[in-house]
Structures are given as structure tokens and as C-alpha cells.
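The values are calculated or read from the model by the stated rules, or taken from the named source; none is laboratory data. What you are looking at is a predicted structure, and each value in this text was computed from that prediction instead of being measured. Ideal geometry is used to build each Cβ from the backbone, glycine not excepted, and the neighbour counts take in all protein chains shown. Ligands, DNA and RNA are stripped out before the accessible areas are found, and what is left, the full protein with its side chains, is counted by its heavy atoms. Shrake-Rupley method; radii C 1.70, N 1.55, O 1.52, S 1.80 Å.
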Amino acid sequence: WYQRRVRDPIISCLAGGRNKLVAAKAYEFLNAQINPAGLKIETPMTIRDVHKNEIPLWVRSMGGFAVVKNPYSNAGQGVWTITSPKELNEFMKIDHHYEQFIVQSLVGNYKWSSNSTAGQFFHVGTVPDKNNKIYVADLRMMVHWHATKKAWRPLVLYARRAREPLVEEIPPGSSSWDILGTNLSVKEGEEWTTETSRLLLMDQKDFNRLGMGLDDLIMAFIQTVMSAVAIDSLAARILKGENFNLDLFSSLDKDDALIKEIL
């Protein structure tokens, strides 16, 4: 047997793999290049480089519904779904370490989704269960570059559903994150655990509850590959050989708190 260490270089994280702010710019750069071919990385309407005091203005412009993200968190942390003045006020009370945020249009029920320049989008949900309930779900696809065949290939495919069903009206006092958030990581006290009951594996019958066809899976593969190419291309611009282009990176990400951490 042998042991092989698999790791991502830090530059791939900084250039968008773990930096949602820079990722949004990487997608825009690639979209400009591939637009003549009729291709596009599909994303929600995204407002970048937003300071905390601007956030209520952007939420209001989207009809009172939005998603606010700390660009550097993962595993479902640092994401706030805003569907009411109460949720917005709770977010504004938090003392945030970083200075930059991104604000995206919220895709929820057709009665409570963001208004955006591209129109209004909403979840159709999973196939109804025996109680006639539908859930928000997402599809996750991992791809890899086949060095021998010099081609991208799918590697892993799975899905996750939200904790609570998708409803027409959010009950007073309820958390919109429980209805919209699909991340499986949950903090219990000081420990992190995973709610595997909401995991939908492709080789199990529950996967059919997504109601997806082959065309959907092909589109997921194309979108995933284009996103990986966009981040990889920007990473190659930021890191030339052994030289990290700090001037370029700091112009892409103007967050002084993050720059201090890098230095």
C-alpha cells in the first residue's frame, strides 16, 4: 500500500476556492471571454466589495430579501439569509472581523424571493414526500483533470436538502436559514457534527427526489468545470512562478483585515 498526500495550493483558495469575493470577479472575467461562444457561469445577482453600513441599502433594493456572506468562511458559516427586518437587525448587531461582504439575491419561495435585474427566481423544491412537503436542495459535483486524457471528468456527485420544508409563508419567529440552508455541518456546544440524514447520495433511491434529469446533470458538469477554470485562470495571474502579486490581489480584494493576515 502507499499513502498519497492530496492538497490544494493556498493560491487556489485565495483566488476564489475559499474566497467568494474574488471568485465572483473570476467568474465575471471568464464570462466576458466565453460569452461569444454562448456560455456563461450562472450566479445569483452579486454585489461585491460591500461595507457593513451599506448592506441595509442593498437588502432594501432587492425587495427586503437577500443573502449576505462573509467572503472567507465555509461549511455554511458566515452566511446570513435575510427575509425580515428582524433577521437584518440581528446581522447588523454582530461585530464582524472582516470589512468586506458580498450581497446576493435570495432564491426562496415564489412569494419571498429577491427582485433582481435578471428577474425573480425561486426554488421548485424536491419531489413532494408522503406528507406533500417539498424541500430546498442543492446538487454538488466535484470534477478532476485527467492528465492522461487531458480532459475534465466528473468525480463525485451528491446532494443535500434543507432542514425544514419550503413554505409559502415563513412562520413568525422561524429561521429562514433552516428553510434555505443545505449545509450539513452543525455545531452542538463546542463540537461540530454532520447531519447525514439530509445527505442525498447518488446511489440511493432518495436521490430521485431531486427530480433531476440527465440534462440537469450535464449542465451541472459544465458549470462546475467553467467555475474551476475561472478560478484557476485568476490564480495563475496572481501567482507568477514563485512570486505572489500582492498589488493585484489587494486590488481585487480590498479588505485590509485579510491583507494583514496574509502578510
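Take each of the peptides 177-187, 78-88, average the number of other beta-carbon atoms within 10 Å over its residues, and list them starting from the highest.
Details: 177-187: 16.8, 78-88: 18.4.
My ranking of the peptides, most packed first, is 78-88, 177-187.
Please say if the range 103-162 is rounded, prolate or oblate, where rounded means a/c under 1.5 for a ≥ b ≥ c the square roots of the C-alpha gyration tensor eigenvalues, and otherwise the choice is prolate for a/b larger than b/c and oblate otherwise? Could you put the intermediate results ahead of the total?
Working: a/c = 4.14, a/b = 1.64, b/c = 2.53.
Judged from the Cα gyration tensor, the range 103-162 comes out oblate (a/c at least 1.5, b/c at or above a/b).
Within the range 1-114, how many lysine pairs that are 8 or more places apart, or on different chains, have C-alpha atoms less than 28 Å apart?
Final tally of qualifying lysine pairs is 20.
Taking only complete DSSP H runs, can you tell me which helices of the chain stretch 27 Å or more along their own long axis by Cα positions and average at least -0.5 on the Kyte-Doolittle scale? Could the numbers behind the result be given before it?
Details: long enough: 214-238 (36 Å, 1.30).
Within the chain the helices that satisfy the rule are 214-238.
Leaving out same-chain residues fewer than 8 places away, which aspartates and glutamates sit with a Cα under 14 Å from that of K254?
Result set, ordered by chain and number: D49, E99.
Work from the charge dipole of the chain (Cβ charges, +1 for Lys and Arg, -1 for Asp and Glu, about the Cα centre) and give the residue of L263, W177, G16 farthest towards its positive end.
G16
Would you work out the charge dipole size for the chain about its Cα centre, treating the Cβ of every Lys and Arg as +1 and the Cβ of every Asp and Glu as -1, and quote it to the nearest 20 debye?
On the way: 31 positive and 30 negative charges, 146 e Å.
Here the chain has a charge dipole of around 700 debye.
Given charges of +1 on the Cβ of Lys and Arg and -1 on the Cβ of Asp and Glu, with all other atoms neutral, how large is the dipole of the range 127-223 about its Cα centre, in debye to the nearest 20? Intermediate values should be presented prior to the final figure.
Working: 13 positive and 14 negative charges, 118 e Å.
Around 560 debye, computed over the range 127-223.
Looking at the square roots a ≥ b ≥ c of the eigenvalues of the Cα gyration tensor of the range 75-129, which shape do they give, rounded for a/c under 1.5, prolate if a/b is larger than b/c, or oblate? All intermediate terms of the calculation are to be shown ahead of the outcome.
Working: a/c = 2.07, a/b = 1.75, b/c = 1.18.
The shape class here is prolate.
Looking at (1) 140; (2) 190; (3) 150, which value of volume of the Cα convex hull per residue in Å³ comes from a calculation on the structure shown?
Of the labelled values, this structure produces (2).
Out of the total accessible area of the chain (probe 1.4 Å, heavy atoms of protein only), what percent is carbon and sulfur?
Numbers: 8500 of 16240 Å².
Taking all protein chains in place, the chain shows 52 percent carbon and sulfur surface.
Rounded, prolate or oblate: pick one for the range 1-140, where a ≥ b ≥ c are the square roots of the eigenvalues of its C-alpha gyration tensor, a/c under 1.5 means rounded, and failing that, prolate if a/b is larger than b/c, else oblate. Don't jump to the answer; show the numbers that get you there.
On the way: a/c = 1.38, a/b = 1.21, b/c = 1.14.
Because its axes are fairly even, with a/c under 1.5, the range 1-140 counts as rounded.
Using 0.36 nm per residue, how much length does the chain from E28 to Q77 gain when fully extended, once their Cα-Cα distance is taken away?
Contour length minus the Cα-Cα distance gives 15.2 nm.
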